[in-house]
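The values are calculated or read from the model by the stated rules, or taken from the named source; none is laboratory data. Model, not experiment: these values are computed from the prediction. Methodologically, a virtual Cβ is constructed for each residue, glycine included, from the backbone with ideal geometry; neighbour enumeration extends over all protein chains shown.
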Amino acid sequence: LPEQEAFDIEYWLLEEAKLQRMPKPKAMAGRIALVTGGAGGIGLATAKRMAKEGANIVLLDIDAEALTNAQSEMEAQFGKDAVSSVTMDVTREEQVKNAIHHCALAFGGLDTVVSNAGIASSAPLDETSLALWNKNQDILSTGYFLVAREAFTLLKAQNIGGNMVFVASKNGLVASANASAYCVAKAAEIQLSRCIALEGAPLGIRANVVNPDAVLRGSKIWTGKWKEERASAYNMSTDDLEEHYRQRSMLKLNVFPEDIAEAIYFFASDASAKSTGNILNVDAGHAPSFTR
Ligand code: NAD
């Protein structure tokens, strides 16, 4: 090579190396993300994942004590200015309105909504009381609608696009033993997300779904009656459930809150900018395998 050309190449390589060493801008820097059911489990893991990428987080949950602990944990990790929280019930219209209003006041707007608050309580059909049926629909269907409607209204008014991620379940797509109330509510949630994807697209608002498989560890749902209900539905002891879920998956792996959080983060970030109306199962390959 002529001397000048060799010098130019060396100079360019040095500049490139310098660029590689420079800290990359965080993927969600300046974004404002709310997480319902953010006091623990999948919600808190997701809040942390997005905060790690620079997002400002608003945690919403009905459990005031768990929420205070979650906020302290997040503040210690990401700083006081990065997180805010509201104790609220997703089934109460006024509380949902106030919570969305709080996002606008706390950080000046909203970009991302992770709808995740949930319960798991079910029974065989002939033992499903109207109260149990309504509880599932109220929280998992109506609650998701209320949060989505209020958030959508704000996103539309801001006119800068936005993003909704719904944490549903494969039980919204296929039948699961002794869980009709839960399955129907989760199916409604999945359909809601598709309708929002369609209505939101012209406004730059995306909507996608993450379906976790059973997340036993780190989930409050499993410390309640659900674990016993599932063990009874599968005719096994609660001690055997984790192994059962591992064995029925193609990859022979259990999934944890952080695994679900990673998929939610994908939909919340621009890495999925061209995905809407989609469903991502995070189940180590269970849903497509037709095992129970
Ligand atoms: P979790 O119990 O740890 O978290 C759910 C959170 O929602 C709790 O903090 C709870 O206080 C909150 N919540 C419940 N009702 C509420 C209400 N009315 N208003 C506001 N907050 C409310 O459970 P998780 O496993 O992290 O579940 C999160 C989501 O994932 C749920 O929608 C659940 O259906 C779904 N999911 C969980 C599993 C699993 O095995 N854990 C499997 C599939 C889907």
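Quick notes on this one:
- Identity of the residue in the stretch 190-218, part of a strand (DSSP E or B) and either under 21 Å from Lys274 (Cβ atoms) or among the hydrophobic types (A, V, I, L, M, F, W, C) (or both), that ends up nearest to the ligand (Cβ to nearest atom): Asn211
- Scanning the stretch 39-63 for residues that are near the ligand (Cβ under 9 Å from one of its atoms), hydrophobic (A, V, I, L, M, F, W, C) and either more than 12 Å from Val114 (Cβ to Cβ) or over 12 Å from the mean Cα position of the chain (by Cα) (or both) returns Ala39, Leu60, Ile62.
- Of all residues making up the stretch 101-139, the number that are within 19 Å of Val165 (Cβ to Cβ), more than 15 Å from the ligand (Cβ to nearest atom) and among the β-branched types (Val, Ile, Thr): 1
- Scan the stretch 232-263 for residues that are surrounded by 13 or more Cβ atoms within 10 Å (Cβ to Cβ), part of a loop (DSSP other than H, G, I, E, B) and in contact (Cβ under 8 Å) with a residue 24 or more places away in the chain and the total you get is 7.
- Within the stretch 80-100, considering residues that are more than 11 Å from the ligand (Cβ to nearest atom) and under 18 Å from Phe145 (Cβ atoms), the one farthest from the chain's Cα centre (by Cα): Glu94
- Ser122 vs. criteria surrounded by 15 or more Cβ atoms within 10 Å (Cβ to Cβ), over 20 Å from the mean Cα position of the chain (by Cα) and of a type in the set (Ser, Thr, Tyr): yes
- Tyr182, sole failed condition from (1) closer than 22 Å to Ala261 by Cα; (2) more than 13 Å from the ligand (Cβ to nearest atom): (2)
- The residues of the stretch 245-260 that are of a type in the set (S, T, N, Q) and within 12 Å of Leu216 (Cα to Cα) amount to a single one, Asn254.
- Taking every residue in the stretch 214-225 that is free of Cβ contacts under 8 Å to residues at least 60 places away in the same chain and pairing it with any residue that is more than 6 Å from the ligand (Cβ to nearest atom) and acidic (Asp, Glu), at least 6 positions away or on another chain, the pairs with Cβ-Cβ distances below 9 Å are Ala214/Glu242; Ala214/Asp283; Leu216/Glu242; Arg217/Glu242.
- Residues of the stretch 206-218 satisfying the condition of being aliphatic (A, V, I, L, M) and either surrounded by fewer than 23 Cβ atoms within 10 Å (Cβ to Cβ) or modelled with pLDDT under 90 (or both): Val215, Leu216
- Selection within the stretch 69-79 - surrounded by 14 or more Cβ atoms within 10 Å (Cβ to Cβ) and either more than 11 Å from the ligand (Cβ to nearest atom) or among the acidic types (Asp, Glu) (or both): Gln71, Glu73, Met74, Glu75, Phe78
- Considering the stretch 219-230, the residues that are farther than 24 Å from Ile190 by Cα and within 13 Å of the ligand (Cβ to nearest atom) include one that is surrounded by the fewest Cβ atoms within 10 Å (Cβ to Cβ), namely Thr223.
- The listed residue being touching a strand residue (DSSP E or B) at 6+ places or on another chain (Cβ under 8 Å) and either under 21 Å from Arg206 (Cα atoms) or among the aromatic types (Phe, Trp, Tyr) (or both), out of Ser141, Ser115: Ser115
- Only listed residue being closer than 17 Å to Ala268 by Cβ, surrounded by 18 or more Cβ atoms within 10 Å (Cβ to Cβ) and hydrophobic (A, V, I, L, M, F, W, C), chosen from Ile32, Ile62: Ile32
- Of all residues in the stretch 264-277, those that are surrounded by 16 or more Cβ atoms within 10 Å (Cβ to Cβ) and assigned to a loop (DSSP other than H, G, I, E, B) total 3.
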